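Just below is one structure, and these are the notes that go with it.
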């Protein structure tokens, strides 16, 4: 069975198919006030003015923690995913 989980971020709904993005992944999501890096397992988030700043932080955390970075478009769909290593 496919289950969808949704989260509302700044009025935009991000939907993830269960199992499609690991819980420990870092999600980069556009928000009405800029960009957010969300930590899937803890629910923590960091806000940035630009996508470039958010991606830089997500990549840094990916290297540090060995987790996947999942970049979402305005519709919540996955645009890109990667794991960055040292």
If a residue counts only when it is surrounded by 12 or more Cβ atoms within 10 Å (Cβ to Cβ) and at pLDDT below 50, which strands (runs of 3 or more DSSP E) contained entirely in region 1-58 have at least 2 such residues? 4-9, 12-17
Matching residues in region 59-79 - criterion: being crowded, with 18+ Cβ neighbours inside 10 Å and either in contact with a helix residue (DSSP H, G or I) (Cβ under 6 Å, 6 or more places away or on another chain) or in a helix (DSSP H, G or I) (or both): 62, 69
By residue number, the members of region 48-86 that are free of Cβ contacts under 8 Å to residues at least 60 places away in the same chain and on the phi > 0 side of the Ramachandran plot are 66
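The values are calculated or read from the model by the stated rules, or taken from the named source; none is laboratory data. As the structure is a computational prediction, the values presented were derived from the model and not from experiment. Note: ideal-geometry Cβ built from the backbone for every residue, glycine included; neighbour counts use all protein chains shown.
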